[in-house]
1. Considering each of Ala15, Ala31 in turn, give the residue that is within 20 Å of Pro86 (Cα to Cα), of a type in the set (A, V, I, L, M, F, W, C) and either in contact with a Phe, Trp or Tyr (Cβ under 9 Å, 6 or more places away or on another chain) or modelled with pLDDT under 90 (or both).
2. Can you name the number of the only condition in (1) surrounded by 13 or more Cβ atoms within 10 Å (Cβ to Cβ); (2) modelled with pLDDT of 90 or more; (3) not acidic (Asp, Glu) that Arg26 fails?
3. Residues of segment 42-70 being surrounded by fewer than 24 Cβ atoms within 10 Å (Cβ to Cβ), among the small types (Gly, Ala, Ser) and under 12 Å from the mean Cα position of the chain (by Cα), which ones?
4. Just checking, which of Ala92, Ala88, Ala100, Ala73 is touching a Gly at 6+ places or on another chain (Cβ under 6 Å) and either farther than 20 Å from Leu40 by Cβ or surrounded by 19 or more Cβ atoms within 10 Å (Cβ to Cβ) (or both)?
5. Based on this model, can you work out whether Val17 counts as under 21 Å from Leu126 (Cα atoms), buried (at least 24 other Cβ atoms within 10 Å of the Cβ) and β-branched (Val, Ile, Thr)?
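The values are calculated or read from the model by the stated rules, or taken from the named source; none is laboratory data. All figures in this text were calculated on a predicted structure; none of them were measured in a lab. In this analysis, Cβ positions are derived from the backbone assuming ideal geometry, glycine residues included, and neighbour counts consider all displayed protein chains.
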Amino acid sequence: MDAVLVGAGVDAAIAVVAATLALPERVRWPAFAGVLAGGLLGGYLAGRLAAGSWRRRPRHGLLAGVVGGAAFALAVRWSFEPGTPPGALRPANYLLATAAGWFPSGFTARYDALIGVAAALAFGVLYAVEGALAAGAAPGDESGIVAVRE
């Protein structure tokens, strides 16, 4: 369980820093790409610290990604509010605003708040999937190299 807490803590810390730290405009997109890959870091740590077989590591990464993804979803949703610092999550705002043109007319006016919630949940699910994948790829107990002398 400690592995899940470490991975989720890293994911949540990335989300909080991304939401609260104001950044210059030229570094927002690279920072956003780094934040989107943050689920990989939390999942890797959860998988690396998980004891047991390789089947157990993805579960730890998934749990860490779900908890960290929930924090990330809250951070993304909060970044949509007016007056928030223009940080690493501002590109999510931009992507949602430019994609709104693809929706039918009246759709965005009717489901304004739900679109933001759906986008935030999509980013949270991304963290959960990244966590499971990275934890599954992390080396575990059975990855030790055994030297055989003849």
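1. Ala15
2. Result: Arg26 passes all but (1).
3. The one that is surrounded by fewer than 24 Cβ atoms within 10 Å (Cβ to Cβ), among the small types (Gly, Ala, Ser) and under 12 Å from the mean Cα position of the chain (by Cα): Ala70.
4. Residue meeting the stated conditions: Ala73.
5. no
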